[in-house]
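Heads up, the thing below is written out as structure tokens.
The values are calculated or read from the model by the stated rules, or taken from the named source; none is laboratory data. These numbers were taken from a predicted model, which means no experiment stands behind them. Using ideal geometry, Cβ is built from the backbone for each residue, glycine included, and neighbour counts are taken over all protein chains shown.
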Amino acid sequence: MKQLLSITFIVFCLLSIKAQSLELYHSDIKVNNGDTLFVQIVPHNFDQQYIRVKNNSASLKGVLLKKYDLLKSGNATFSFCWAECYPPETNLSPVSIIINPGEYCDNFSAEFEAEDQGTSYVLYTFFDESNVADSISFYIEYKCSTNAVQSFADIKSISAFPNPAKNHVNFTYTVQNIDNVSLRIYNMTGEIIYQEPLMTGNNKLMVDISSLPTGIYMYAIFGNNHNLVSKKLIITK
């Protein structure tokens with residue numbers, strides 16, 4: 001109970017601070033201080049949410065990020081990328097990102113994975129490293145359910161084996177009623193390092209990854225100008 005009260009007090013204090021110079025945008029829509037993003041996801045899927053951070057002041061800012069795991073359903077995990085991608089146990093970004101006056105930073109992504117159904121909450125706070133009172137926060141509520149986005153789940157799915165992989169990875173996928181879809185593999189900076197068109201129906205595809213270095217990647221079915229299904233791929237040498 002004492003720990004819960006402490007977390008609640010910290011969150012209250014953070015949201016009571018008026019953001020002086022930082023602004024947040026999700027899909028070009030402004031996210032106000034204390035807003036909640038609602039995300040639906042099916043079990044065993046990997047979700048990424050991208051937030052643009054704007055320095056709305058007239059001076060250069062070194063911005064740090066703090067993550068608060070407020071509620072985790074089952075084995076759900078929260079992680080984030082800020083300058084680089086960090087494991088779930090990292091709650092404070094080790095380094096800041098310099099944002100010039102009036103400019104945006106596109107280096108943030110919130111990552112979520114869960115194998116079980118349930119609701120999870122996380123809080124992210126961006127703040128000026130030289131003035132912690134200059135901050136802005138937002139929540140993400142994840143609802144993980146087999147019924148989530150059911151219309152999408154019925155027509156697309158993908159899995160990779162082996163994962164972790166070393167030289168080759170086999171993708172098994174289903175695509176129906178979607179045109180011009182492709183498999184994409186991204187590195188952790190969001191760069192597309194592999195892309196190949198996919199046929200409709202139930203199919204398999206083997207990809208040579210022997211030239212890729214050890215690390216964490218993301219693979220996705222891409223269509224309709226966005227990733228329809230996204231999951232993690234681990235490469236080891």
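Against the conditions (1) surrounded by fewer than 18 Cβ atoms within 10 Å (Cβ to Cβ); (2) in contact (Cβ under 8 Å) with a residue 24 or more places away in the chain; (3) farther than 18 Å from residue 36 by Cβ, residue 87 satisfies every one except (2). Checked against (1) over 20 Å from the mean Cα position of the chain (by Cα); (2) surrounded by fewer than 15 Cβ atoms within 10 Å (Cβ to Cβ); (3) not assigned by TED's automatic domain parsing to the domain that holds residue 78, residue 132 passes all but a single condition, namely (3).
Of the residues making up the stretch 129-178, those that are at pLDDT 85 or above and not in a strand (DSSP E or B) are 129, 130, 145, 162, 163, 164, 166, 167. When the stretch 194-230 is filtered for residues that are surrounded by fewer than 13 Cβ atoms within 10 Å (Cβ to Cβ) and either in the same structural domain as residue 42 (by TED's automatic domain parsing) or not in a strand (DSSP E or B) (or both), the ones remaining, listed by number, are 199, 210, 211, 213, 214, 224, 225. I'm checking my understanding of the structure. Among residues of the stretch 1-54 that are β-branched (Val, Ile, Thr) and closer than 26 Å to residue 100 by Cα, which one is modelled with the highest pLDDT? Looking at the filtered set, the residue picked out is 53.
If the condition is being over 18 Å from the mean Cα position of the chain (by Cα) and either in a loop (DSSP other than H, G, I, E, B) or modelled with pLDDT under 90 (or both), then the stretch 95-111 contributes 95, 96, 100, 101, 102, 103. Checking each residue in the stretch 115-130 for being in contact with a Lys or Arg (Cβ under 9 Å, 6 or more places away or on another chain) and either under 25 Å from residue 61 (Cα atoms) or not polar (S, T, N, Q) (or both) picks out 118, 121, 122, 123, 124, 125, 126, 127, 128, 129, 130. Scanning the stretch 179-193 turns up no residue that is closer than 15 Å to residue 159 by Cβ, of a type in the set (A, V, I, L, M) and part of a loop (DSSP other than H, G, I, E, B). Residues in the stretch 112-128 that are of a type in the set (Val, Ile, Thr) and at pLDDT 95 or above: 122, 125. When restricted to residues that are touching a strand residue (DSSP E or B) at 6+ places or on another chain (Cβ under 8 Å), in contact (Cβ under 8 Å) with a residue 60 or more places away in the chain and over 20 Å from residue 35 (Cα atoms), the stretch 110-143 contains 6.
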